[in-house]
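Taken together, the values in this text are just the output of simple stated rules run on the coordinates, not laboratory data. Here the structure is a predicted model, which means the values were calculated and not measured. Quick reminder, even Gly has a Cβ in these numbers, built from the backbone with ideal geometry, and neighbours come from all protein chains shown.
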Amino acid sequence: MPSVKIKKHAPQNDMTPFVDVAFLILSFFMLATKFKPEDPVEIKTPNSVSSAPAPEKDYFTVQIDKEGKAYISLDNPEFSMKMIENVNTGRNLGLTPAEMKVFVNSPSIGVPFNQLKSYLQLDAEAQKKFKSPGIPVEDSTGGEMFFWVRDVLSAYSGRKLNLVVKADNSTKYPAFKNVLNAFKKNDQNKFLLITSPEDAPPGTALYETRQKAQTKKAE
Amino acid sequence: MASIEGGGDGGGHKKGPGVKKAKKLSTTVDMTPMVDLGFLLITFFIFTTTMAQPTAMTLFLPKDVDRPEDQNKVKETGAFTILLAGKDNIFYYEGLDPTQLKSTNFQKIREEIIRKKQSTNPEDLVMIIKPSEDATYKNTVDILDEMTINEIKRYAMVDISPQEFELVKITQAASGN
């Protein structure tokens, strides 16, 4: 036995500050972020200088993926039910109330009318795996998209509805144009295009205007 | 390895015979699992949420008019037509003659727009955007954005005419794109 005792350090150190930091970061993330919406396909939106935030409620979204397939979704379940009821009676789809319920709960729909019933009979897992062919918007008449837009408008009947188009960077223009045509056929001429924010390039007219507005605010 | 139990024999008070020694409880709690949990939740939130709030760009389109006499007429001096071709190419022409086609790209179109804006009476200035079938959605948004950036008040999005599309194709083929 050596005569000098070596002081033994406790093997564990105090974790409390570590916990503090972890939960601080956690609360930051909980407050500062928003849940990702469930999307059928990944869509990379283009950038724009527009600074208006995307609408938070009552928006009817048409998503167009790279290949030009269109998917629709409506955020408000109450009106979503009305819309599918309208579609059901208008197109004689013969959907049962249970199937309509599935429709309301699905995040987005991208199947033609003749496949809708069989699609809604699938369970949630199978729906995810199902490769949606997209809603037909093949020509300038708007295809089946025209009926969806008509029925969502009649479900809202005069209340404010935002028509939102979210398309991918590499979506071809005709696909986008056909969707716009479907809206236009329903006398809808105002749309919102979802974009990622970007600053106005320095030296341009918009940049100058924004700078002026900012200095005015500061004063 | 006898350091786990805090009390030991030497340190305790002597309470006399028969009095049971009260076992000293450690006041520190092991925080490690709590840290684990905290970071697990952080990673969960990082992966499932988004920081960037998407923005929306408003687009107004005119109503379709059937009769040509109802349509707005564009003055020749104020017209500036932008044709969006495939592969991020842009063609433009001033006035109403499509054969005066000039080629440019997204980096240089701004200069042309600014030049046109400065050299034209603001009341006459109309930008006509004609995306072709080969143009992408990104091209369309970019050029609409360019209108906002340069504060062009009057612009219209019109379908490309077959004649113009032919011209664009020929010019693109000639320049090897």
Legend entry - Potential lengthening between B:T50 and B:T104 on full extension [0.36 nm per residue; Cα-Cα distance subtracted]: 15.8 nm
Legend entry - Full-stretch length increase - B:L37, B:K87 - with 0.36 nm per residue and alpha-carbon distance subtracted: 13.1 nm
Inset, instruction - Pairs to check: A:K36/A:K128; A:K66/A:K129; A:K190/B:K153; A:K36/B:K138; A:K117/A:K166. Give those whose C-alpha atoms are more than 20 Å from each other in this structure. - result: A:K36/B:K138; A:K117/A:K166
Legend entry - Values of log10 I(q)/I(0), in the order q = 0.08, 0.12, 0.13, 0.14 Å⁻¹, for the protein assembly as shown under a Debye, Cα-only, solvent-free model: -0.59, -1.06, -1.18, -1.29
Legend entry - FRET efficiency, 1/(1 + (r/R0)^6) with R0 51 Å, evaluated for A:F28 and B:A22 via beta carbons: 0.70
Inset, instruction - Evaluate E = 1/(1 + (r/R0)^6) for A:K185 and A:D123, where r is the Cβ-Cβ distance and R0 equals 45 Å; express this FRET efficiency to the nearest 0.05. - result: 0.80
Legend entry - Within chain A, longest stretch free of exposed trypsin sites (Lys or Arg not before Pro) [DSSP loop, at most 10 other beta carbons within 10 Å]: A:58-130
Inset, instruction - Using R₀ = 25 Å, calculate the FRET efficiency as 1/(1 + (r/R₀)^6) where r is the Cβ-Cβ separation of A:L93 and A:E67; round to 0.05. - result: 0.45
Inset, instruction - Determine the calculated [θ] at 222 nm for chain A from helices alone, applying -39500 (n - 2.57) to every DSSP H run no shorter than 4 residues and normalising by the residue count; nearest 500 deg cm²/dmol. - result: -13500 deg cm²/dmol
Inset, instruction - Please work out whether the range A:36-87 counts as rounded, prolate or oblate from its C-alpha gyration tensor, where a ≥ b ≥ c are the square roots of the eigenvalues and a/c under 1.5 means rounded, while otherwise a/b larger than b/c means prolate and anything else oblate? - result: oblate
Legend entry - Cα extents of chain A along the three principal axes, largest first (Å): 95, 54, 32
